[in-house]
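See below for the structure under consideration.
Here, each number is a calculation from the coordinates, and none is a lab measurement. Please read these numbers as outputs of a predicted model, since none were measured by experiment. Positions of Cβ are generated from backbone atoms using ideal geometry, with glycine treated the same way; all protein chains shown enter the neighbour counts.
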Amino acid sequence: MDNRKVVIYHSPLAENAPADELDVLDEADYFCQGLLKGGYEVQTLPFPCDLIQLEKQLSEHKPLIVVNLVETLFGNGRLVHIAPFLFEHFNMPFTGCPADAIYITSNKILTKDLMCQAEIPTAGYFSFDTLNKLKEVAPGQWIVKSNWEHASFGLDESEKLLFTSRQEILDRLKREKHPEHFFAEQYIHGREFNLSILGGRHNPEVLPPAEIRFTYPEGKPRIVGYKAKWDEDSFEYANTNRSFDFPAEDIPLLEELKNICYRCWEVFGLSGYARVDFRVDEAGNIFVLEINANPCISADSGFVAAAERAGLSQKELVERIICAVGSKQ
């Protein structure tokens with residue numbers, strides 16, 4: 001009988017893990033249910049932070065494929081690339097993007113540096129070190145983001161999020177234990193789009209585009225912060241809604257967003273599945289904010305919503321991601 005064993009590895013979780021880390025268990029459940037519907041034998045395990053233990057588990061289970069849902073180690077998103085590098089070391093096929101792509105795209109400053117080199121439009125930015133060398137920043141509003149963490153880490157909507165001067169930004173950065181792990185990005189006031197990309201044995205497919213629609217009062221920054229993502233009782237959560245419906249006049253813009261997605265897929269060596277987040281300013285200029293390798297795939301995630309919009313069932317989506325493993329370079 002053919003080997004149908006799959007091991008799902010997810011981030012190891014502390015007892016007091018926050019909501020954004022616990023979400024990985026919902027992802028594991030989504031993959032597990034999809035795999036079971038496809039006739040696979042599934043084992044779900046927390047990723048062992050021990051090289052010998054990992055080697056032992058892979059030897060004992062002998063999986064056909066590993067599902068890589070390791071997003072943090074020791075609660076630190078900066079270590080997201082370690083699991084895929086180890087899977088590659090042990091010659092174990094795994095889902096999603098390769099280790100190099102995960103490392104590069106998890107480092108937001110490096111990602112933006114490479115986007116500039118590849119002429120992929122992105123919002124202006126500067127690191128903590130660069131800021132220390134400047135006398136002042138360009139006019140406009142700036143937002144401070146974590147260079148490594150995802151899930152809107154550090155974007156607390158109850159605090160001030162936008163800054164206009166070098167000193168304001170420095171003061172905000174210095175509130176962090178490691179200010180060098182943060183950076184400032186130009187705030188683009190306008191529309192926000194999320195485009196999910198699904199790989200396969202051949203060419204990647206951009207799934208139906210989604211727009212995050214803010215029903216915020218005038219003057220409130222249109223930012224998907226921590227509350228908007230994780231606090232279901234908050235104003236921000238209730239007033240940031242995903243939509244797949246667009247008027248005809250948006251078709252040229254959506255086509256350009258799709259073209260940029262394919263360009264990102266190629267430049268960053270993505271595979272399996274990914275998501276590209278955009279802002280479009282009031283003049284229609286496009287900016288890539290982030291490239292998300294292995295974005296969240298839980299039942300209520302944007303990626304799954306886009307897949308459903310494309311007519312894919314849970315079983316079909318998981319099968320596509322499994323089949324894409326053979327397409328890694």
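Remarks
- Here the chain is treated with +1 on each Lys and Arg Cβ and -1 on each Asp and Glu Cβ, and its dipole about the Cα centre works out to around 580 debye.
- Beyond 25 Å in Cα-Cα separation lie the following of the pairs 112/133; 5/108; 135/220; 5/229; 112/174; 37/258: 5/108; 135/220; 5/229; 37/258.
- DSSP beta bridges confined to the chain are antiparallel in about 75 percent of cases.
- ³J(HN,Hα) computed for each position of segment 67-73 - Karplus, 6.51 cos²θ - 1.76 cosθ + 1.60, integer Hz, glycine/proline x: 8, 8, 10, 7, 9, 9, 10
- Neighbour counts of C-beta atoms inside 10 Å place 212, 297, 65 in the sequence 212, 65, 297, starting with the fewest.
- Computing FRET efficiency as 1/(1 + (r/R0)^6) for residue 174 and residue 2, where r is the C-beta to C-beta distance and R0 is 56 Å, gives about 0.45.
- Between helix 108-117 and the chain: long-axis angle, C-alpha atoms, 0 to 90°, nearest 10: 80 degrees
- Centre separation in Å (Cα based) which lies between segment 181-212 and segment 119-136: 22 Å
- Sites matching chymotrypsin sites (Phe, Trp or Tyr not before Pro) across segment 246-296 that sit in DSSP coil, with at most 16 neighbouring C-beta atoms within 10 Å: none
- Distance from segment 277-315 to segment 7-64 (C-alpha centre basis), Å: 24 Å
- The phi-based Karplus calculation (6.51 cos²θ - 1.76 cosθ + 1.60; θ = phi - 60°) puts the 3J(HN,Hα) values of segment 87-102 at 4, 5, 4, 8, 6, 9, x, 9, 6, x, 6, x, 4, 4, 5, 5 Hz, whole numbers, x for Gly and Pro.
- When the trypsin sites (Lys or Arg not before Pro) in segment 92-151 are filtered for DSSP coil states and for at most 14 other beta-carbon atoms within 10 Å of their beta-carbon, the remaining sites are 135.
- Of the GluC sites (Glu not before Pro) in segment 1-110, the ones in a loop by DSSP (not H, G, I, E or B) with at most 14 other beta carbons within 10 Å are 15.
- Sequence-ordered 3J(HN,Hα) estimates for segment 80-85 from the Karplus curve with 6.51, -1.76 and 1.60 and θ = phi - 60° stand at 4, 7, 5, 4, x, 5 Hz, glycine and proline given as x.
- Gyration tensor (alpha-carbon) shape descriptor, segment 5-94, a/c threshold 1.5: oblate
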